[in-house]
Amino acid sequence: MEARQWVPGLRPAEAGEFTRRAFAHGKLSLTEVEGLADLIHAETEAQRRQALRQLDGELGQLCGGWAETLTKALAHVEAYIDFGEDDNLEEGILEQGVLAWGSRLGTPAFQPLEAPSLPPLFLSCTADSQVRELEVALDTHLRDARRGQRLRSGAHVVVTGPPNAGKSSLVNLLSRKPVSIVSPEPGTTRDVLETPVDLAGFPALLSDTAGLREGQGPVEQEGVRRARERLEQADLILAVLDASDLASPSSCNFLDTVVTPAVARSPNGNSQRLLLVLNKSDLLPPGGPDLSPELPPHLLLSCLTGEGLDGLLEALRKELAIVCGNPSTGPPLLTRARHQHHLQGCLDALGRYKQATDVALAAEALRVARGHLARLHGGGGTEEILDIIFRDFCVGK
């Protein structure tokens, strides 16, 4: 084969080189770069929508707005440190954003800078309210139950139930390929089989587990132990029962030990949710199953004929939208552990700021908080603080 001829002075671009240049020249923020990478690797519609929102800069703009709030608060505090003893500050500047009240006892006074320490600091209405609002916003995003990370990497969906309920058949039906061996012999699945799937537009890691019963040997006992371990890690449980054999001891025991406790936890905001699927509906008499009135809400399905699959997929879509979040609405989600780390660091620094007994310590806490946000979206610098000081305070007329 003839060797490829390159134009003199030119070379092939390295992987990600153009994106890195765009970031270095301020064309893309760090979160937008991450959004582009997520878009390239998106495999489901929900992942694509989330990646497009991040690529459009929604998360970066949100963090940039928070950083601007902290930059202004820090500028006010540092202006007071640097120029508080001078007469160059305009009258009323401190009331606009720095120390309006110095004592918890209610004495309205500014503490002298030469004092070795100050009482717990209280900012005036403007800065204090902004910092408090920022704390609430950060706490809200940190309590999103890692939905953005689940949407990016896939929710963990575990299929469980007693032996021979049709768990492997359901896994094969949802994944549209023969992942698991299907056999009328109970206890065929003895290990956890996992496969990534697209469930109603959401990414999921689907796990087929051993039937929950007292193991007949050491291998099956280990499989049951692993199955119970996966249940503890699941974001969504697909509990499968044989609709034609609901009165069996294994079905009743599964309902009492797995289904009922999980259903009781879900309405209380627990991140682990459950869907009860009654499989083998094709074996039921024409009048339908003889169901107990105490049976939790459920879905009828036949893995053999496919009847009830559309209803199951719709129920999965609703449950996964809760677990992963809706990528089309609401505030932008945190998609990486790095995002969560920096937001938590920012929130911790704001907590130290509120407890600071010295102006310099308060300024340092704000600086650390702002640094975490800057590192999150890849921007920020000390020059911004100076710009605001000279723009807002008319220092040295």
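No value in this document is a laboratory result; all are computed from the given coordinates. Treat the numbers as computed from the prediction; the structure is a model and nothing was measured. Counting neighbours? That spans all protein chains shown, and the Cβs are built from the backbone with ideal geometry, glycine included.
Points worth noting:
- With a Förster radius of 41 Å applied to the C-beta separation of Asp245 and Arg48, the computed FRET efficiency comes to 0.50.
- Extension gain for the segment Lys318 to Asp282, taken as residue separation times 0.36 nm less the Cα-Cα distance, is 10.4 nm to one decimal.
- Principal axis box of the range 291-354, alpha-carbon based, largest edge first, Å: 61, 28, 19
- FRET efficiency, Arg225 to Thr305 (Cβ-Cβ, R0 45 Å, nearest 0.05): 0.85
- You can think of it this way: the chain between Glu133 and Cys252 has 37.8 nm of extra reach, that is 0.36 nm per residue less the Cα-Cα gap.
- Seen from Ala22, the other residues with C-beta closer than 15 Å to its C-beta sum to a net charge of -2, counting Lys and Arg as +1 and Asp and Glu as -1.
- Take the Kirkwood radius over Cα pairs of the range 1-75, plug it into Stokes-Einstein at 10 °C and 1.306 mPa s, and you get 106 µm²/s for translational diffusion.
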